[in-house]
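The values are calculated or read from the model by the stated rules, or taken from the named source; none is laboratory data. Everything quoted here is computed from the prediction, not taken from an experiment. Reconstructed Cβ throughout: ideal geometry from the backbone, glycine too, with neighbour counts over all protein chains shown. These accessible areas exclude ligands, DNA and RNA; they are computed on the full protein's heavy atoms, side chains included. Shrake-Rupley method; radii C 1.70, N 1.55, O 1.52, S 1.80 Å.
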Amino acid sequence: MTLAEALTAARGRIDRLDARLLLEYAAGVTHAYLLARPETPLAAPAGEAFLAWVERRAAGEPLAYIVGEAGFRGRVFQVSPDVLIPRPETEVLVELALARLDGIERARILDLGTGSGIVAITLALECPAARVVAVDLSAAAISVARTNAGRLGAVIDFRRGDWYAPVAGERFDLVVANPPYVAADDPHLARNGLPFEPRQALTDGGDGLACIRAIVAGTAEQLAPGGWVLFEHGWDQGAASRNLLTAAGFQAAFTHPDLAGIDRVSGGHL
Ligand code: GLN
């Protein structure tokens, strides 16, 4: 089988772009090579791996879990079914965080529910003087995040536990979180590969606001004077998030849209 024949075999089974990416991974070739040398023969093991991957993709498994990695803000992170796959909208959270960190020397940052570590690691790499603590309830997620930090050269203090429990008594200049915020009865959970992702990273099992309530309720005690809290949320959770922030004594509670124009990140400061 040649590269071109492999792509033909996947046609109609899965999306063309996905087929191309899977073939690049299976054959170990670049996109440019694939275009320039489609007649290149594919060794039997690579060809078999590719066809097996096409079957998995056709069954709905996300590409990132098949190849074991995904990009976020220009860096490649390892992912496994123990962690959510990075989403582009989370880059908004990172950008808003970076804007708040501008001018703070040796900022202390807390990332709650770090998952694969994309937020903590990106902030650590882009604010090298910052001290970053990353918390997750899942030991398996922390192990993925630790691997990513090591591969990307970020120094992160990982702690396993429930929200603020592992950082009791510590103060931070910035608390960031991409918590589970999908309501348990949201049909979205059954679509777009979400059934392959860790359910506890997607939904609180209730109305979708339980984790946001817990994060907002505990954050004042953990913030240094003037500190900020920023968290990602669902398209219809902006007003509820601002209300929770205001009720908890935060000033200038705001909501920021993602690139699709959807309410995505809310925050406030003390
Ligand atoms: N934005 C994700 C989705 O809708 C959910 C991420 C999360 O719950 N933190 O697929």
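Quick one: is residue 76 closer than 25 Å to residue 176 by Cα and either open to solvent by less than 20 Å² (accessible area, probe 1.4 Å) or part of a helix (DSSP H, G or I) (or both)? Show your work before the answer.
On the way: closer than 25 Å to residue 176 by Cα: yes; either open to solvent by less than 20 Å² (accessible area, probe 1.4 Å) or part of a helix (DSSP H, G or I) (or both): no.
Taking the combined requirement at face value, the residue does not satisfy it.
Any residue in region 177-204 that is of a type in the set (Gly, Ala, Ser) sitting within a Cβ distance under 6 Å of a residue that is open to solvent by 30 Å² or more (accessible area, probe 1.4 Å) and within 9 Å of the ligand (Cβ to nearest atom)? List the pairs, counting only those 6 or more apart or interchain.
Close Cβ pairs satisfying both conditions: 201/84.
Would you say residue 225 is of a type outside the set (Phe, Trp, Tyr), modelled with pLDDT under 95 and out of contact with any strand residue (DSSP E or B) (no Cβ under 6 Å at 6 or more places or on another chain)?
Values: of a type outside the set (Phe, Trp, Tyr): yes; modelled with pLDDT under 95: yes; out of contact with any strand residue (DSSP E or B) (no Cβ under 6 Å at 6 or more places or on another chain): yes.
In short, yes.
Among the numbered criteria (1) open to solvent by less than 10 Å² (accessible area, probe 1.4 Å); (2) in a loop (DSSP other than H, G, I, E, B), which one does residue 135 miss?
It fails just one condition, (2).
Filter region 164-186 for residues that are within 16 Å of the ligand (Cβ to nearest atom) and either open to solvent by 50 Å² or more (accessible area, probe 1.4 Å) or acidic (Asp, Glu) (or both) and give the result.
Our first condition is that a residue be within 16 Å of the ligand (Cβ to nearest atom); within region 164-186, this holds for 175-186.
Correct list: 185, 186.
Suppose we keep only residues that are small (Gly, Ala, Ser) and farther than 15 Å from residue 184 by Cα within region 195-237. Which one would you say is surrounded by the fewest Cβ atoms within 10 Å (Cβ to Cβ)?
Narrowing region 195-237 to residues small (Gly, Ala, Ser): 201, 205-206, 208, 210, 214, 217-218, 220, 224, 226-227, 234.
Keeping just the survivors that are farther than 15 Å from residue 184 by Cα gives 214, 217-218, 220, 224, 226-227.
Details: 214: 17, 217: 14, 218: 19, 220: 14, 224: 15, 226: 10, 227: 22.
Among them, the one singled out is 226.
Looking at region 48-72, which of its residues are within 16 Å of the ligand (Cβ to nearest atom) and not in a helix (DSSP H, G or I)?
At the first step, the residues of region 48-72 found to be within 16 Å of the ligand (Cβ to nearest atom) are 60-65, 70, 72.
Of everything in region 48-72, those that are within 16 Å of the ligand (Cβ to nearest atom) and not in a helix (DSSP H, G or I) turn out to be 60, 61, 62, 70, 72.
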